[in-house]
Amino acid sequence: MPSSAVLRRALLALAVVALALWTALTTPPRLGLDLRGGTRIVLETRDTPEVRADAAATDRALEVLRKRVDGLGVAEPSLARSGENRIVVELPGLRDPREAAEVIGRTAQLTVHAVTGTAAAPAEHPAADGTRTLPDPDGGGLLVLAPPALTGDGVKSADAVLDTTTARGWTVDLAFRDGAAADWARLTGAAACAPAGDPARRVAIVLDDRIVSAPAVQAGVTCGAGITGGSTQITGGFSADEARDLAALVEGGALPVPVTTVEQSTVGPTLGAEAIRASALAAVIGLACTGLFVIAVYRLLGLLATIALLLYGLISYAAVVALGATLTLPGLAGFVLAVGIAVDANVLVFERAREEYAALARTTAVRDPRRPLATAFGRAWSAVADSNVTTLLAAGLLFAFATGPVKGFGVTLALGVLASMVTAMVITRLLADAALALPAVRRRPALTGMAGLGRLRTRLNRRAPRLMARRRRWFAGSAVLLLAALAGIGVRGVEFGVEFTGGRDVRYAATRPVDADAARAAVAEAGFPDAVVQTTGDDGRDVTVRVGETGDAAHDRITEALTTAAGPVTVERDDLIGPSLGGELRTHALIALGLAVAAQLVYLSVRFRWTYATAAVAAMVQDVLLVVGLFAWLGKPVDSVFLAALLTVVGYSVNDSVVVLDRLRELRRKGGRIPLADLADRAVAQTLPRTVNTGMGALFVLVALAVLGGDTLADFSVALLAGVVLGMASTVFTALPLAVSLESGNPPPARPAARPAPDRTGAVV
């Protein structure tokens, strides 16, 4: 390799690492609400007879909501339109979602009326002239109101103020715009002409068909002149929170279209902090175990790969914070999982380097170990690219179809895959070239880790497995497993989480251990016999209740029932999904899975023959069905986090199959008249060390996540653990036998002898 190319590569690597380090030290991460605590509300705008809830109307509603949220005093709120008619509101630190939902979701139609008298009973319909009858907030019956004299559009500002001068407590001070100020003066001037005690001396301020205040004009106000200055006060015995909420509503203005809450999620800050600690510990332990394993197998090259993995963690983290991506709990899991996946490219190169070293050693003495390593990097690029593209396809589908925290998983997984390619193909290569150039290393070839094929590879070369001769046996075994999975899906059924069905999922923390049966009985007695009640945590103090009802009244009854059975409880997490949104998310999940299968099939058909592509996709579909069947038998819920795991399994399964099928394609080009089944057995023998070593790297991380990640990530880790194990097995026992069978029945067209195709081996192991 020319020295100039080495220098350019070194400068590029140095620049990337320096920029990543500077970004990581100077840019704080943007944590999602599931990590820092707070409330997330998804609102949906609805059509009215006068206004259609299109994107323009939703944008106007968003600006009104932004003013209301600012009035709540929440630090760093986030509001954004999602699609045409949805608004996502994130309120960090807010633990009471009812308060926020009640304030920001009201239509807030503010009107000011003259009072014309009292009534004994409310009118069934408003009079033709626009008068209406509403309850008197001060008691004493009903007030008859004249048509509106002014509306909330005339309010310039509204502030909650503690009135210590007149001891009226909290009030809302209104300031009117110029035109509205004149209307206010005329309205109060007309009321001042009525005698004291006459209802006509009062002015009613109405918010959403309710009189919030109906003060009488003071005696000092001149008849006909009214109150000048363009300001007034709304009184009504408000508390501090009520006054602030009312001020936010009035100043924000009326919503152009009504909104309804379709999703609501609240997470306590303690739960988020625990998740960060657990995920960080899992990452450290998983990375340490992966590094020790790689060093034990590949020696010096393994040590250099471990250093590159540490730099990979730095680069991928810096990419997340630099792009301003929100780091969520599933996103943390994706970041940790990508550590295990990142070792794959290194293993591909190192196994190939062992092959090249052995081939060169059979003909001559290896004087420069950098030569077989350079050849390995060049030939491994195709397999590295193919295997990572399949994972990127899954990550892209997650980003496109997932919502909320799971979208963050897709982002971090994609960034992790890209960062792993940079570190493996650039940084690891630079470190390896520098280390192998040292005379002390060149005198000790065994130290490099390339001088031997490894025990497993040597044993397989000595006696290659005869797997393809038993293809029917493997097909029968796969069929039995599929029938068992389908039986679980059909008999036990798939238990969809509230995200896909609609409902409410609340996690409580009790002050003492809770008996699961007692908690179920208490919830059933409260009127929810169909609720799913589970106790979790090491000490049994966490209680999860999943019900179909979404109302706050139902939530209050369940909380009271658990308090009676288990003592005081606090809400750690509260997820509410409307039924319409649940059905939509379920549809999106099915579309995402269908597109994942189709995308993999199309990509592999371009990169390979259709027979290879069909075999790889069939093995992947088998893995997906087996994981779903496992969850059906275990009775675990299928939710958006499970969808993230399932799409990751899709990418990992195809990744593994691509490596083996790529090797089979390479052997077939060089194999002459050797039977295809024998070549497939050789492909298994040559790639099995890579499959095992890469799988071990992922398993270390997933086991750490399963043990340390807490209840939130337990099911996620179980699904991925099953997917990784099944993916390794399905490659050997499903994808490869099926490819051999399909190729035997559909051989490729013979190539012209005069123009042999150039060897474009893509590498693998």
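The values are calculated or read from the model by the stated rules, or taken from the named source; none is laboratory data. Just so you know, these numbers come straight off a predicted model, no measurement behind them. Heads up, the Cβs are rebuilt from the backbone with ideal geometry, glycines too, and the neighbour counts pull from every protein chain shown.
Run down Thr570, Thr564, Thr587, Thr511 and say which single residue is in the same structural domain as Gly629 (by TED's automatic domain parsing) and surrounded by fewer than 19 Cβ atoms within 10 Å (Cβ to Cβ).
Working: Thr570 fails: in the same structural domain as Gly629 (by TED's automatic domain parsing); Thr564 fails: in the same structural domain as Gly629 (by TED's automatic domain parsing); Thr511 fails: in the same structural domain as Gly629 (by TED's automatic domain parsing).
None of the others qualify; the one that does is Thr587.
Give me a count of the residues in the range 564-616 that are of a type in the set (A, V, I, L, M), touching a strand residue (DSSP E or B) at 6+ places or on another chain (Cβ under 8 Å) and assigned to a helix (DSSP H, G or I). Walk me through how you get there before you give the answer.
First, the residues of the range 564-616 that are of a type in the set (A, V, I, L, M): 565-566, 569, 571, 576-577, 581, 585, 589-593, 595-599, 601-602, 604, 606, 613, 615-616.
From the residues that got through so far, the ones that are touching a strand residue (DSSP E or B) at 6+ places or on another chain (Cβ under 8 Å) too are 566, 569, 571, 576-577, 581, 585.
Narrowing further to those that are assigned to a helix (DSSP H, G or I): 566, 581, 585.
Final tally of qualifying residues: 3.
State all residues of the range 209-240 that are in contact (Cβ under 8 Å) with a residue 40 or more places away in the chain and over 17 Å from Gly154 (Cβ atoms); if no residue qualifies, say none.
Those that are in contact (Cβ under 8 Å) with a residue 40 or more places away in the chain and over 17 Å from Gly154 (Cβ atoms): Asp209, Arg210, Ile211, Ala214, Ala225, Thr235, Gly236, Gly237, Phe238, Ser239, Ala240.
Just the residues that are of a type in the set (A, V, I, L, M) and not in a strand (DSSP E or B), please, taken from the range 31-47.
Leu33, Leu35
Please specify each residue of the range 661-677 satisfying the condition of being surrounded by fewer than 16 Cβ atoms within 10 Å (Cβ to Cβ) and among the acidic types (Asp, Glu).
none
Can you list residue pairs whose Cβ atoms sit under 6 Å apart, with the first residue in the range 618-637 being in contact (Cβ under 8 Å) with a residue 12 or more places away in the chain and the second being hydroxyl-bearing (Ser, Thr, Tyr)? Count only pairs 6 or more apart in sequence or on different chains.
Once the first residue is in contact (Cβ under 8 Å) with a residue 12 or more places away in the chain and sits in the range 618-637, its partners that are hydroxyl-bearing (Ser, Thr, Tyr) give Ala619/Ser657; Ala619/Ser730; Ala619/Thr734; Met620/Ser653; Gln622/Ser730; Gln622/Thr734; Asp623/Ser653; Asp623/Ser730.
Taking Leu249 as the residue in question, decide whether it is assigned to a loop (DSSP other than H, G, I, E, B), under 36 Å from the mean Cα position of the chain (by Cα) and either within 30 Å of Leu33 (Cα to Cα) or at pLDDT below 75 (or both).
Spelling it out, it is not the case that Leu249 is assigned to a loop (DSSP other than H, G, I, E, B), under 36 Å from the mean Cα position of the chain (by Cα) and either within 30 Å of Leu33 (Cα to Cα) or at pLDDT below 75 (or both).
Against the definition (part of a loop (DSSP other than H, G, I, E, B) and either assigned by TED's automatic domain parsing to the domain that holds Leu150 or farther than 30 Å from Val88 by Cβ (or both)), how does Ala194 come out, yes or no?
Here the answer is yes, as Ala194 does meet what is asked.
Any residue in the range 100-112 that is at positive phi sitting within a Cβ distance under 9 Å of a residue that is assigned to a strand (DSSP E or B) and at pLDDT 70 or above? List the pairs, counting only those 6 or more apart or interchain.
Ala108/Leu207
Which of the residues that make up the range 429-454 are basic (Lys, Arg) and over 41 Å from the mean Cα position of the chain (by Cα)?
Arg442, Arg443, Arg444
When the residues of the range 405-457 are narrowed to those that are without any contact (Cβ under 8 Å) to a residue 24 or more places away in the chain and outside any helix (DSSP H, G or I), which ends up nearest to Ala395 (Cα to Cα)?
Among those that are without any contact (Cβ under 8 Å) to a residue 24 or more places away in the chain and outside any helix (DSSP H, G or I), it is Leu438.
Regarding Arg201, is this residue farther than 24 Å from Lys67 by Cα, buried (at least 21 other Cβ atoms within 10 Å of the Cβ), out of contact with any Lys or Arg (no Cβ under 8 Å at 6 or more places or on another chain) and basic (Lys, Arg)?
yes
So, in the range 320-367, of the ones that are small (Gly, Ala, Ser) and crowded, with 21+ Cβ neighbours inside 10 Å, which residue ends up modelled with the highest pLDDT? Steps first, answer last, please.
Within the range 320-367, the first condition is being small (Gly, Ala, Ser), and the residues that meet it are 322, 324-325, 331, 333-334, 338, 340, 342, 345, 353, 358-359, 361, 365.
Next, only the ones that are crowded, with 21+ Cβ neighbours inside 10 Å stay: 331, 333-334, 338, 340, 342, 345, 353.
Numbers: Gly331: 72, Ala333: 67, Gly334: 70, Ala338: 70, Gly340: 64, Ala342: 71, Ala345: 78, Ala353: 84.
My answer is Ala353.
If you check Val417 against the conditions, is it under 23 Å from Leu604 (Cα atoms), surrounded by fewer than 22 Cβ atoms within 10 Å (Cβ to Cβ) and among the β-branched types (Val, Ile, Thr)?
Judged against the criteria, Val417 is not a match.
Is it the case that some residue within the range 450-460 is among the β-branched types (Val, Ile, Thr) and modelled with pLDDT of 80 or more?
No, that holds for no residue.
Name the residues in the range 354-390 that are among the aliphatic types (A, V, I, L, M) and part of a helix (DSSP H, G or I), would you?
Step one: filter the range 354-390 for residues among the aliphatic types (A, V, I, L, M), giving 358-361, 365-366, 373-374, 376, 380, 383-385, 389.
Scanning the range 354-390 gives Ala358, Ala359, Leu360, Ala361, Leu373, Ala374, Ala376, Ala380, Ala383, Val384, Ala385, Val389.
Could you please tell me which pairs satisfy a Cβ distance under 7 Å, a separation of 6+ or placement on different chains, a first residue in the range 566-589 that is hydroxyl-bearing (Ser, Thr, Tyr), and a second residue that is at pLDDT 80 or above and part of a strand (DSSP E or B)?
Listed pairs, sorted by first residue: Thr570/Tyr508; Thr570/Ala509; Ser580/Val262.
So, Ala181, is that one surrounded by 14 or more Cβ atoms within 10 Å (Cβ to Cβ), touching a residue at least 12 places away in the same chain (Cβ under 8 Å), small (Gly, Ala, Ser) and not in a strand (DSSP E or B) or not?
Judged against the criteria, Ala181 is a match.
When the range 499-508 is examined, which residues are found to be in contact with a Leu (Cβ under 9 Å, 6 or more places away or on another chain), outside any strand (DSSP E or B) and surrounded by fewer than 24 Cβ atoms within 10 Å (Cβ to Cβ)?
Gly502
What single numbered condition from (1) among the hydrophobic types (A, V, I, L, M, F, W, C); (2) outside any helix (DSSP H, G or I); (3) not assigned by TED's automatic domain parsing to the domain that holds Asp681 fails to hold for Ala464?
The one condition Ala464 does not meet is (3).
From the list Leu708, Leu702, pick out the single residue that is more than 15 Å from Val654 (Cα to Cα) and buried (at least 24 other Cβ atoms within 10 Å of the Cβ).
Leu702 is the lone residue from the list that is more than 15 Å from Val654 (Cα to Cα) and buried (at least 24 other Cβ atoms within 10 Å of the Cβ).
Would you point out which residue out of Gly697, Gly629, Gly651 is over 27 Å from Val606 (Cα atoms) and in contact with a Ser or Thr (Cβ under 6 Å, 6 or more places away or on another chain)?
Details: Gly629 fails: in contact with a Ser or Thr (Cβ under 6 Å, 6 or more places away or on another chain); Gly651 fails: over 27 Å from Val606 (Cα atoms).
After ruling out the rest, the residue left standing is Gly697.
Report, by residue number, each residue of the range 481-536 that is within 25 Å of Gly567 (Cβ to Cβ) and touching a residue at least 60 places away in the same chain (Cβ under 8 Å).
Arg504, Asp505, Val506, Arg507, Tyr508, Ala509, Thr536
Test Leu482 against the criterion of being over 28 Å from Pro675 (Cβ atoms), surrounded by fewer than 17 Cβ atoms within 10 Å (Cβ to Cβ) and modelled with pLDDT of 85 or more, and give yes or no.
Against the criterion (over 28 Å from Pro675 (Cβ atoms), surrounded by fewer than 17 Cβ atoms within 10 Å (Cβ to Cβ) and modelled with pLDDT of 85 or more), Leu482 qualifies.
Of all residues in the range 277-307 being crowded, with 16+ Cβ neighbours inside 10 Å and under 18 Å from the mean Cα position of the chain (by Cα), which is nearest to Val422 (Cα to Cα)?
Ser279
Conditions (1) out of contact with any Gly (no Cβ under 9 Å at 6 or more places or on another chain); (2) within 30 Å of Asn693 (Cβ to Cβ), marked per residue:
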{"site": "Val480", "(1), (2)": "yes, yes"}
{"site": "Val491", "(1), (2)": "yes, no"}
{"site": "Thr501", "(1), (2)": "no, no"}
{"site": "Val514", "(1), (2)": "no, no"}
{"site": "Ala518", "(1), (2)": "yes, no"}
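Is it the case that Thr375 is crowded, with 23+ Cβ neighbours inside 10 Å, of a type in the set (Ser, Thr, Tyr) and under 28 Å from Leu7 (Cβ atoms)?
Details: crowded, with 23+ Cβ neighbours inside 10 Å: no; of a type in the set (Ser, Thr, Tyr): yes; under 28 Å from Leu7 (Cβ atoms): yes.
No; evaluated as a whole, the condition is false for this residue.
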